[in-house]
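Visitor: A single structure is presented below for examination.
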Amino acid sequence: MIPGIVLAAGKSTRMGRSKALLPLEPGETFLTRIVATLTAAGVEEVVVVVGHEAPAIIGAFDRSPAVARFVLNPEYEAGQLTSLVAGLRVVDRPGVVAALIALVDAPLFEAATVRAIVDRYRRTRAPIVRPVHGGRHGHPVLIARSLFAAFGAADPLQGAKSIIRAHASPAGDVDVNDEGAFADIDTPADYAARLGRLLDD
């Protein structure tokens with residue numbers, strides 16, 4: 001089994017409001033889009049790690065048709081790695097071979113990209129599988145269960161990137177033609193550029 005973990009615990013300081021609650025299409029938020037995409041790709045379990053504004057995020061999600069389990073990370077202010085570790089602890093059990101990690105600020109990836117990542121892992125067993133294109137690395141990222149302990153032991157100040165880079169390989173790099181897999185939306189300007197509209201006040 002390969003569950004999905006969505007990291008949605010941060011303060012979204014540059015955006016000025018919770019990214020998980022930002023609207024995409026009518027009745028759809030960044031978070032509900034990500035969960036729906038993972039589900040459409042065949043991911044059977046999705047865990048959302050929350051922290052800042054957790055009650056508002058969970059409340060809004062519960063009014064949508066999307067299905068996910070929520071985990072509270074009380075240490076979210078110590079960095080994104082703490083949220084990743086919180087999610088990995090929840091999904092780590094016999095039968096789980098890897099986890100897909102999605103960031104709430106990158107909601108536009110396609111289900112086909114998720115399926116390509118999972119297929120590459122099943123064919124190669126590469127410890128890190130990630131979408132790539134034109135020298136860029138995108139999301140979501142698959143982490144093999146063999147690396148879960150390494151993330152748990154890592155320094156939160158160093159984050160997850162050093163571990164991902166150390167275990168990335170050509171076998172795990174999947175070339176995809178999916179601009180959404182490389183679209184981080186971190187600021188109101190990013191939102192306007194990607195979606196063609198301004199945030200409501």
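The values are calculated or read from the model by the stated rules, or taken from the named source; none is laboratory data. The structure displayed is predicted, hence computed values, not measured ones. Cβ coordinates were reconstructed from backbone atoms using ideal geometry, including for glycine residues, and neighbour counts include every protein chain displayed. For the accessible areas, the whole protein counts, side chains as well, though only heavy atoms, and no ligand, DNA or RNA atoms are used. Shrake-Rupley method; radii C 1.70, N 1.55, O 1.52, S 1.80 Å.
Visitor: Would you confirm whether any residue within region 79-102 is among the hydroxyl-bearing types (Ser, Thr, Tyr), closer than 28 Å to PRO188 by Cβ and out of contact with any Phe, Trp or Tyr (no Cβ under 8 Å at 6 or more places or on another chain)?
Guide: Checked against the condition, which is being among the hydroxyl-bearing types (Ser, Thr, Tyr), closer than 28 Å to PRO188 by Cβ and out of contact with any Phe, Trp or Tyr (no Cβ under 8 Å at 6 or more places or on another chain), region 79-102 yields no hits at all.
Visitor: What tally of residues in region 133-162 results from selecting those that are open to solvent by 20 Å² or more (accessible area, probe 1.4 Å) and either modelled with pLDDT of 90 or more or not in a loop (DSSP other than H, G, I, E, B) (or both)?
Guide: 12
Visitor: Scan (1) open to solvent by less than 10 Å² (accessible area, probe 1.4 Å); (2) over 22 Å from VAL174 (Cα atoms); (3) in a helix (DSSP H, G or I) for the single condition VAL48 breaks and write down its number.
Guide: Exception for VAL48: condition (3).
Visitor: Follow-up question, since we're still on this one. Out of all the residues in region 165-179, is one or more among the hydroxyl-bearing types (Ser, Thr, Tyr), open to solvent by less than 40 Å² (accessible area, probe 1.4 Å) and under 18 Å from GLY4 (Cβ atoms)? Please lay out each step first, then the result.
Guide: Step one: of region 165-179, the residues among the hydroxyl-bearing types (Ser, Thr, Tyr) are 169.
With open to solvent by less than 40 Å² (accessible area, probe 1.4 Å) added as a condition, the list becomes 169.
Next, only the ones that are under 18 Å from GLY4 (Cβ atoms) stay: none.
No, region 165-179 contains no residue that is among the hydroxyl-bearing types (Ser, Thr, Tyr), open to solvent by less than 40 Å² (accessible area, probe 1.4 Å) and under 18 Å from GLY4 (Cβ atoms).
Visitor: For residues that are assigned to a loop (DSSP other than H, G, I, E, B) and open to solvent by 50 Å² or more (accessible area, probe 1.4 Å), tally how many sit in region 73-94. Please lay out each step first, then the result.
Guide: Filtering region 73-94 down to residues assigned to a loop (DSSP other than H, G, I, E, B) leaves 73-75, 79, 92-94.
Narrowing the set further to residues that are open to solvent by 50 Å² or more (accessible area, probe 1.4 Å) leaves 74-75, 92-94.
Here the count works out to 5.
Visitor: Given (1) small (Gly, Ala, Ser); (2) in a helix (DSSP H, G or I); (3) open to solvent by 20 Å² or more (accessible area, probe 1.4 Å), identify the lone condition not met by GLY27.
Guide: All conditions are met except number (2).
Visitor: What pairs can you find where one residue is in region 33-45 and of a type outside the set (Gly, Ala, Ser), the other is surrounded by fewer than 20 Cβ atoms within 10 Å (Cβ to Cβ) and assigned to a helix (DSSP H, G or I), and their Cβ atoms are less than 7 Å apart, with a gap of 6+ or different chains?
Guide: Listed pairs, sorted by first residue: THR37/ALA111.
Visitor: Do we find a residue being open to solvent by 10 Å² or more (accessible area, probe 1.4 Å) and touching an Asp or Glu at 6+ places or on another chain (Cβ under 7 Å) anywhere in region 54-68?
Guide: no
Visitor: For region 113-122, indicate whether the set of residues that are of a type outside the set (D, E, K, R), at pLDDT below 90 and surrounded by 15 or more Cβ atoms within 10 Å (Cβ to Cβ) is non-empty.
Guide: no
Visitor: Kindly establish whether VAL43 is part of a strand (DSSP E or B) and of a type outside the set (S, T, N, Q).
Guide: no
Visitor: So ASN177 fits all but one of (1) assigned to a loop (DSSP other than H, G, I, E, B); (2) farther than 18 Å from ARG115 by Cα; (3) modelled with pLDDT of 80 or more; what number is the exception?
Guide: Status for ASN177: all satisfied but (2).
Visitor: Then there is this: Return the pairs, sorted by first residue and then second, in which the second residue is among the hydroxyl-bearing types (Ser, Thr, Tyr) and open to solvent by less than 60 Å² (accessible area, probe 1.4 Å), the first residue lies in region 130-152 and is free of Cβ contacts under 8 Å to residues at least 60 places away in the same chain and closer than 23 Å to THR37 by Cβ, the beta carbons are less than 7 Å apart, and the residues are 6+ apart or on different chains.
Guide: Once the first residue is free of Cβ contacts under 8 Å to residues at least 60 places away in the same chain and closer than 23 Å to THR37 by Cβ and sits in region 130-152, its partners that are among the hydroxyl-bearing types (Ser, Thr, Tyr) and open to solvent by less than 60 Å² (accessible area, probe 1.4 Å) give PRO131/THR113.
Visitor: Of the conditions (1) in contact (Cβ under 8 Å) with a residue 60 or more places away in the chain; (2) open to solvent by 20 Å² or more (accessible area, probe 1.4 Å); (3) within 25 Å of GLU77 (Cα to Cα), ALA183 satisfies every one except a single condition; which number is it?
Guide: Answer for ALA183: the failing condition is (2).
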